[in-house]
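> Sharing a structure with you now.
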Amino acid sequence: MTDLADEALHLAAHNFLTVDMPADLRSQLVPPASNLPEECTEAQNTKRAAENAADHMLVYANAIDRLLKFGLKEFDRKSLHPDSQDLYRAAIMFAGAGLDRALKALIADALPALVNFDGAVQEKLFTFAEGAIADAGGVGVSPAALVKFLLGSGSSPRDVFADNWVKSLTAGSAQSTQRLEELAGALGVVEPDIRKRLKATKTRTSTLEKAFIARNEVAHDLDIVRSWERSSGDPLDEIQRTRNASEVRGYVVEMMDVCQLLINDVAGRLSASRN
């Protein structure tokens with residue numbers, strides 16, 4: 001009886017988890033480039049960890065939502081159960097954190113190699129170097145700053161400047177379209193479709209901008225809506241924004257796709273330089 005009961009429970013659990021399960025997240029994402037250069041593997045592995053974590057949250061949110069509704073027969077099946085909301089918020093956070101960490105890894109590992117052959121990257125380095133040694137007025141050279149860079153550890157002054165550039169680029173978080181545009185420019189990404197996807201809009205209505213807005217609302221405000229923005233009579237336990245599955249999945253896909261497109265672009269140029 002125990003074996004039969006266990007088998008029945010396993011079957012019931014399997015059916016419960018697989019019925020109406022959302023499509024696998026990877027099936028919606030831009031695939032990674034084949035034969036990634038070594039300089040891109042850390043970024044790729046980071047991105048993969050982020051998409052796995054976000055996918056788990058989306059799957060668990062769906063399962064918890066269905067489980068709670070099944071146990072509470074009177075609950076409206078057309079709306080999400082409040083207890084599943086934190087899992088959607090976690091999916092947004094994992095995707096945003098993965099994008100940030102992956103791009104910092106890409107900058108740290110690939111930029112020193114790109115500087116050696118990519119004209120667009122070299123121009124960005126020259127601009128950084130000029131600003132780094134400029135005096136307070138921005139019209140001359142600061143002797144102290146110049147000495148600091150020339151005597152810095154590295155096989156050449158260019159390596160010293162490149163190392164400091166990497167540190168500067170990875171110092172802040174990559175959680176806005178403006179920041180991603182800066183990092184993409186530093187990496188020498190000029191592909192029009194990619195740059196257009198990163199570009200900020202006046203209305204902040206691109207999918208990437210909305211994804212970052214959602215990420216910051218969760219990270220900084222716990223998704224809490226300010227009191228004067230709520231309708232009167234809202235109970236205390238309904239002060240947070242309500243997320244829905246398709247909205248959150250769209251944000252996750254966009255952040256992961258942008259990350260992958262940048263990795264693939266850099267990987268392609270590195271590979272081409274070695275053929």
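The values are calculated or read from the model by the stated rules, or taken from the named source; none is laboratory data. Remember, predicted model here, so these are calculated numbers, not experimental data. Quick reminder, even Gly has a Cβ in these numbers, built from the backbone with ideal geometry, and neighbours come from all protein chains shown. Quick note on the areas: whole protein, heavy atoms, side chains included, nothing else; ligands and nucleic acids left out. Shrake-Rupley method; radii C 1.70, N 1.55, O 1.52, S 1.80 Å.
> Taking into account only those residues within the stretch 74-99 that are out of contact with any helix residue (DSSP H, G or I) (no Cβ under 7 Å at 6 or more places or on another chain) and open to solvent by 20 Å² or more (accessible area, probe 1.4 Å), which is modelled with the highest pLDDT?
Checking each candidate, the answer is Asp86.
> Select from the stretch 157-179 the residues that are open to solvent by 60 Å² or more (accessible area, probe 1.4 Å), within 23 Å of Val258 (Cβ to Cβ) and either of a type in the set (S, T, N, Q) or at pLDDT below 90 (or both) and list them in ascending order.
The answer is Ser168, Ser173, Gln178.
> To continue, here is another question. Go through the stretch 201-212 and report how many residues are surrounded by 14 or more Cβ atoms within 10 Å (Cβ to Cβ) and either modelled with pLDDT under 90 or not in a loop (DSSP other than H, G, I, E, B) (or both). Give the steps one after another, and end with the answer.
Step one: of the stretch 201-212, the residues surrounded by 14 or more Cβ atoms within 10 Å (Cβ to Cβ) are 206-212.
Imposing the further condition that a residue be either modelled with pLDDT under 90 or not in a loop (DSSP other than H, G, I, E, B) (or both) reduces the set to 207-212.
Final tally of qualifying residues: 6.
> Which residues, counting only those in the stretch 33-48, are over 19 Å from the mean Cα position of the chain (by Cα) and part of a helix (DSSP H, G or I)? Explain how you work it out, then say what you get.
Residues of the stretch 33-48 that are over 19 Å from the mean Cα position of the chain (by Cα), as a first pass: 34-38.
Result: Glu38, single match.
> Can I ask one more? Taking the residues in the stretch 26-47 that are under 21 Å from Val253 (Cβ atoms) and charged (D, E, K, R) as candidates, determine which candidate is modelled with the lowest pLDDT.
Arg26
> Could you look through the stretch 154-190, keep only residues that are more than 21 Å from Asp100 (Cβ to Cβ) and touching a residue at least 40 places away in the same chain (Cβ under 8 Å), and pick out the one that is nearest to the chain's Cα centre (by Cα)?
Kept after step one, since they are more than 21 Å from Asp100 (Cβ to Cβ), are these residues of the stretch 154-190: 154-162, 190.
From what is left, the residues that are touching a residue at least 40 places away in the same chain (Cβ under 8 Å) are 158-159, 162, 190.
Values: Arg158: 30, Asp159: 28, Ala162: 24, Val190: 20 Å.
Result: Val190.
> Moving on to the next point. Could you please let me know if Lys69 is open to solvent by 60 Å² or more (accessible area, probe 1.4 Å), within 27 Å of Ile239 (Cβ to Cβ) and at pLDDT below 80?
Numbers: open to solvent by 60 Å² or more (accessible area, probe 1.4 Å): no; within 27 Å of Ile239 (Cβ to Cβ): yes; at pLDDT below 80: yes.
No, not satisfied.
> Is it true that some residue in the stretch 222-239 is modelled with pLDDT under 95, within 25 Å of Tyr60 (Cβ to Cβ) and either assigned to a helix (DSSP H, G or I) or of a type in the set (Ser, Thr, Tyr) (or both)? Can you show your working first?
Step one: list which residues in the stretch 222-239 are modelled with pLDDT under 95, which gives 222-239.
With within 25 Å of Tyr60 (Cβ to Cβ) added as a condition, the list becomes 222-225, 237-239.
Still in the running and either assigned to a helix (DSSP H, G or I) or of a type in the set (Ser, Thr, Tyr) (or both): 237-238.
Checked against the condition, which is being modelled with pLDDT under 95, within 25 Å of Tyr60 (Cβ to Cβ) and either assigned to a helix (DSSP H, G or I) or of a type in the set (Ser, Thr, Tyr) (or both), the stretch 222-239 yields at least one hit.
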